[in-house]
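The values are calculated or read from the model by the stated rules, or taken from the named source; none is laboratory data. Note that the structure is predicted; figures quoted are calculated from it, not measured. Neighbour counts run over all protein chains shown; Cβ positions are idealised from the backbone, glycine included. The protein model used for the area step is the full one, side chains on, heavy atoms only, and it has no ligands, DNA or RNA in it. Shrake-Rupley method; radii C 1.70, N 1.55, O 1.52, S 1.80 Å.
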Amino acid sequence: SSHLGPRPVRSSRAISVRCGDARRRSGPPFAAMSVTGTVKSYNPFKGFGFLTQSDGQEVFVHVSDCNGMAPTQTDSLTFEVELDPKSGKLKATNVQGCTGSAEAAKGGGKGKGSGGCQGTVKSYN
């Protein structure tokens, strides 16, 4: 019989998913490894930034992965590097050595604040 399109390849190996969806793949998507690095940039109002590994590669960091602290510009850090299943990019987890306050990192975000404002009405119709 005629088969339209490419034929599926059958194998007893684990399925490798190219689109970064680690949930459909057997085994860890990327082996975490402990590395050292420094803070390249960090925005305390947004709660994220970038670290530079000792080999020069940049890695995303979020305050939620910093064990209750926040990174500051002068920190020398130890962290694990993992592949983020959502973005498909590298991110730092289990970050140790942060000296900043994580409370300062809570900027609220997404515009869901109280919207409170004070002032005097100049004119009203």
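Mind checking the full-extension length gain between Ser54 and Gln73? Use 0.36 nm per residue of separation minus the Cα-Cα distance, one decimal, nm.
5.3 nm
How many nm is it between the label spots at Gln96 and Lys122, if each spot is 7 Å from the Cα in line with the beta carbon?
5.8
Could you give me the ³J(HN,Hα) list for the stretch 37-42, computed from phi with Karplus coefficients 6.51, -1.76, 1.60 and θ = phi - 60°, whole Hz, x at Gly and Pro?
Couplings: x, 10, 7, 7, 7, 7 Hz.
At a probe radius of 1.4 Å, what is the per-residue accessible area of Lys89, in Å² to the nearest 10?
About 140 Å², rounded to the nearest 10.
Excluding ligands and nucleic acids, what accessible area in Å² is computed for Phe45 using a 1.4 Å probe, to the nearest 10?
Surface accessible to solvent at Phe45 totals approximately 150 Å².
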